[in-house]
Amino acid sequence: MIFKSKNTDLNFVDGVGFLTFSSLSQLGFVNHAFSTRIGGVSENEFKSMNLNFSRGDDKAKVDENYRIFCKACGFDYESLVSSAQDHNINVRFVTKADRGIGIYREHDRKSVDALVTNEPGVTLVTHYADCTPIFLADKTKKVIALVHAGWRGTVEKICEITVDAMTEKYGCNPTDIIAVVGPAIGECCYEVDTPVYERFASLTELKPAYFTKSIGHGKYMVDLKETNRRMLMESGLLSINITVSDVCTKCNSGLLYSHRASAGKRGGLVAMMCMTQ
Ligand SMILES: [Zn+2]
């Protein structure tokens, strides 16, 4: 397996592989990681660090994977709070009272695709296998968020909705927010048909020519990461504060679970982030 990236770091601790981004590491008040397939105990199509409870893997193995992953990446297992993703646009504010939800406590809400907190000691957990992870951290107000943006969430503007939620609830200024648009299926691999293309083409304020391309016969290539980058700028973030990972999940399906590369027979990746102070 060869991993090449100009802006995404592959780290190994105790045999667990995970990705990090220097713009978030440098902040000094957050711990963050994006998981890989490496270092877990799951087998077959889930091999090996499957962190998704709902794809048919043995629950005990997924539990063990969470414990292994947290230890390697420096997260407190007790502090995890999971999303409940359904490709909708609901943002949830979480606190210490929510610790364990979706991990070692039952889900209490059906639709949560973005998580926000302003409390240290709460680790946000969101789930992926080609969709776009977006990490947000306000360095002044000390507020963090994780967003899951598949094609639906992207065109329905979940990243903009989350930035607005941070602004309204905590008084964040978008120019203080550091963002990472993480590993997702890239423009190299994300082919869509006309109805999906038309949704992206309708985002005229973002200039769709920069993130859509016709390849003929009613097929198009779409750049989910660039769409979200442009939407974050439309929300007031500064270009200099946004990192877009150059890693494509489908091109790296030995390292990362890819829904398209596996035709749906796959485990799940997570993004995790918490404030340490
Ligand atoms: Zn690709």
Excluding same-chain residues fewer than 8 positions from Lys157, which aspartates and glutamates have a Cα within less than 17 Å of its Cα? Asp86, Asp113, Glu168, Glu198, Glu205, Asp223, Glu226, Glu234
Determine which aspartates and glutamates satisfy two conditions relative to Lys265: a Cα distance under 14 Å, and not lying fewer than 8 residues away in the same chain. Glu43, Glu45, Asp57, Asp130
What does the C-alpha gyration tensor say about the overall shape of region 135-277? Classify as rounded when a/c is under 1.5, otherwise prolate if a/b is larger than b/c, or oblate. oblate
Positive end of the charge dipole of the chain (Lys, Arg +1 and Asp, Glu -1 on Cβ, about the Cα centre): tell me which of Val122, Ala97, Thr8 has its Cα farthest that way. Thr8
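With Cβ to Cβ distances under 12 Å as the rule, what net charge do the other residues near Met166 carry (K, R +1; D, E -1)? All intermediate terms of the calculation are to be shown ahead of the outcome.
Values: positive: Lys141, Lys142, Lys169; negative: Asp138, Glu160, Asp164, Glu168, Asp176.
Value of the local net charge: -2.
Looking at the square roots a ≥ b ≥ c of the eigenvalues of the Cα gyration tensor of region 34-87, which shape do they give, rounded for a/c under 1.5, prolate if a/b is larger than b/c, or oblate? Show your work: numbers first, answer last.
Values: a/c = 1.67, a/b = 1.09, b/c = 1.53.
The shape class here is oblate.
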Please work out the Cα center distance from region 67-105 to region 113-180, rounded to the nearest Å. 14
Dipole size in debye (nearest 20) for the chain around its Cα centre, Lys and Arg Cβ +1, Asp and Glu Cβ -1? 260
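In terms of the Cα gyration tensor, with a ≥ b ≥ c the square roots of its eigenvalues, is region 87-184 rounded because a/c is under 1.5, prolate because a/b exceeds b/c, or oblate? Working shown, then result.
On the way: a/c = 1.59, a/b = 1.05, b/c = 1.52.
Oblate is the answer for region 87-184, as a/c is 1.5 or above yet b/c matches or exceeds a/b.
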For the chain, modelled as a GNM with alpha-carbon contacts under 10 angstrom, which of Asn65, Asn90, Asn11 fluctuates the most? Asn11
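Say R0 is 30 Å: what FRET efficiency, to the nearest 0.05, do His87 and Ile2 get from their beta-carbon distance?
Numbers: r = 32 Å, r/R0 = 1.07.
Efficiency computed from Cβ-Cβ geometry: 0.40.
Quick test of the membrane-span-like rule: which DSSP H helices of the chain reach at least 20 Å along their long axis (C-alpha atoms) with mean Kyte hydropathy at least -1.0?
59-73
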Across Lys96/Lys169; Lys4/Lys250; Lys4/Lys207; Lys6/Lys71; Lys47/Lys71, pairs whose alpha-carbon gap is larger than 22 Å: Lys4/Lys207; Lys6/Lys71
For Asp164 and Asp9 in the same chain, what is the full-extension length gain: residue separation times 0.36 nm, less their Cα-Cα distance, in nm? 52.9 nm
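Just the number, please: percent antiparallel of the DSSP beta bridges in the chain, rounded to the nearest 5.
Details: 41 of 52 bridges.
Close to 80 percent.
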Residue separation times 0.36 nm, minus the C-alpha to C-alpha distance between Ala60 and Ser22: what's the value? 10.4 nm
Putting +1 on Lys and Arg Cβ atoms and -1 on Asp and Glu Cβ atoms, find which of Ile240, Ala261, Ser202 reaches farthest to the positive end of the dipole of region 122-266. Ala261
For Arg152, Arg99, order by how many other beta-carbon atoms lie within 10 Å, fewest first: Arg152, Arg99
Normalised by the residues of the chain, what does the relative contact order come to in percent, with Cα pairs under 8 Å and at least six apart? 23
Could you state the number of Å between the C-alpha centres of region 196-228 and region 1-55? 29
Computed lengthening from Glu156 to Lys96, 0.36 nm per intervening residue step minus Cα-Cα distance: 18.7 nm
Rounding to the nearest 20 debye, state how big the charge dipole of region 194-240 is about its Cα centre with +1 on each Lys and Arg Cβ and -1 on each Asp and Glu Cβ. 140
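At a 10 Å Cβ-Cβ cut-off, how would you order Phe12, Phe135, fewest neighbours first?
On the way: Phe12 12, Phe135 26.
Sorted ascending by nearby Cβ count, the order is Phe12, Phe135.
What does the net charge come to around Leu124 if you take all other residues with beta carbon closer than 13 Å to its beta carbon, with K and R at +1 and D and E at -1?
Details: positive: Arg92, Lys96, Arg99; negative: Asp76, Asp98, Asp113, Glu119.
That works out to -1.
Relative to the Cα centre, what is the charge dipole magnitude of region 1-84, using +1 at the beta carbon of each Lys and Arg, -1 at the beta carbon of each Asp and Glu, and rounding to the nearest 20 debye?
Values: 9 positive and 10 negative charges, 62 e Å.
For region 1-84, the charge dipole is close to 300 debye.
Readers should treat all values here as calculations from the given coordinates under stated rules, not as data from a laboratory. These numbers were taken from a predicted model, which means no experiment stands behind them. Cβ: placed from backbone, ideal geometry, glycine included. Neighbour counts: every protein chain shown.
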